[in-house]
Amino acid sequence: MPSSEPRPRVVGSKVTENEYTELEKLARSRSMTLSEWSREVLLAQLNPDRARPSEEIILAEILGTRMILLNTVYALANGEKLSSTEMQALILRVDQEKGSSAVERLARIGKKLNGEGSR
């Protein structure tokens, strides 16, 4: 999160040598310095309701699986048989829709948590 605004203030915490080493490893695993990583983690707490990219991906995959399952079960329950072409089309459609569906659901949850949209 590069910022053109100067950062004159310092936030710090004391840790053990072992903790410092582990935190450095974690930052390096994300191709960041410990300072960059620490700043990112701290500033992310200013918007705690916002989902992390990994959470969005996991939710998108769960929703995608749900969409495929529901569409398939619905068709089978109505005596329909899905051809491989229909199944491939369904999978393609789900792959195109699952990401936006996850983002929309997370936004709705965020609004509920912040008291917006309550009835």
Contacts under 7 angstrom Cβ, first residue in region 48-66 being surrounded by 12 or more Cβ atoms within 10 Å (Cβ to Cβ), partner at pLDDT 90 or above and aliphatic (A, V, I, L, M), 6 or more apart
G64/V94
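Please find, within region 67-92, the residue that is farthest from the chain's Cα centre (by Cα) out of those that are exposed (fewer than 10 other Cβ atoms within 10 Å of the Cβ) and assigned to a loop (DSSP other than H, G, I, E, B). Talk me through it step by step, then tell me what you get.
Step one: filter region 67-92 for residues exposed (fewer than 10 other Cβ atoms within 10 Å of the Cβ), giving 77-79, 81, 83-85.
After this cut, where a residue has to be assigned to a loop (DSSP other than H, G, I, E, B) as well, the list is 78-79, 81, 83.
On the way: N78: 35, G79: 37, K81: 35, S83: 33 Å.
Looking at residues that are exposed (fewer than 10 other Cβ atoms within 10 Å of the Cβ) and assigned to a loop (DSSP other than H, G, I, E, B), I get G79.
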Does S54 qualify as being assigned to a helix (DSSP H, G or I), farther than 23 Å from V103 by Cβ and under 20 Å from the mean Cα position of the chain (by Cα)?
no
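Before we move on, is V15 of a type in the set (A, V, I, L, M, F, W, C), outside the structural domain of A107 (by TED's automatic domain parsing) and outside any helix (DSSP H, G or I)? Outline the logic, then answer.
Values: of a type in the set (A, V, I, L, M, F, W, C): yes; outside the structural domain of A107 (by TED's automatic domain parsing): yes; outside any helix (DSSP H, G or I): yes.
In short, yes.
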Residue check: is A60 more than 29 Å from G110 (Cα to Cα), of a type in the set (A, V, I, L, M, F, W, C), out of contact with any Phe, Trp or Tyr (no Cβ under 8 Å at 6 or more places or on another chain) and part of a helix (DSSP H, G or I)?
no
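The values are calculated or read from the model by the stated rules, or taken from the named source; none is laboratory data. Bear in mind the structure is a predicted one, so any value in this text is a computation, not a measurement. With ideal geometry, Cβ positions are generated from the backbone for all residues, glycine too; neighbour counts draw on all protein chains shown.
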